[in-house]
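Read through the structure below, which is laid out as structure tokens, and then see the notes.
The values are calculated or read from the model by the stated rules, or taken from the named source; none is laboratory data. Note that this is a predicted model, so its numbers are computed, not measured. Because the Cβ atoms are built from the backbone with ideal geometry, glycine has one as well, and the counts that use them run over all protein chains shown.
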Amino acid sequence: SEVWHSVCARDEVQAGAMLPIEIGDMHIAVYNVDDEYFATDNICTHGFALLTDGFLDGDSVECALHGGCFNIRTGKALCEPVDVDLRTFRTRLVDDRVEVCID
Ligand code: FES
């Protein structure tokens, strides 16, 4: 079953920015791309690095540790050394809050 979690205010993540959040023991990254919100696992699939410590460029995020990159809309691994896709989560806005769905 799906559960929606209210994770931050929408203005805590400006366009072009990302925010690390935690839901229980899950590390999740929330992204704002042109005022559309996305969420993925925040831990790189290659090693233990938080993607929010890396660089967001449009809808791709680059890991700070070895430069792997992912499409944040789809989770698709885009460049070496990453070859395992990221888990993605649905988001929605409720009033001025961003919510993330865990299912
Ligand atoms: Fe992210 Fe190696 S830990 S590319």
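Restricting GLU36, GLU80 to residues that are closer than 20 Å to CYS101 by Cβ and either surrounded by fewer than 18 Cβ atoms within 10 Å (Cβ to Cβ) or at pLDDT below 95 (or both) narrows the list to GLU36.
For the range 40-93, what are the residues that are at positive phi and within 10 Å of the ligand (Cβ to nearest atom)?
To start, the set of residues in the range 40-93 that are at positive phi comprises 58, 67, 75.
Correct list: GLY67 only.
For the range 8-64, give me each residue that is among the aromatic types (Phe, Trp, Tyr) and out of contact with any strand residue (DSSP E or B) (no Cβ under 9 Å at 6 or more places or on another chain). Result: PHE48, single match.
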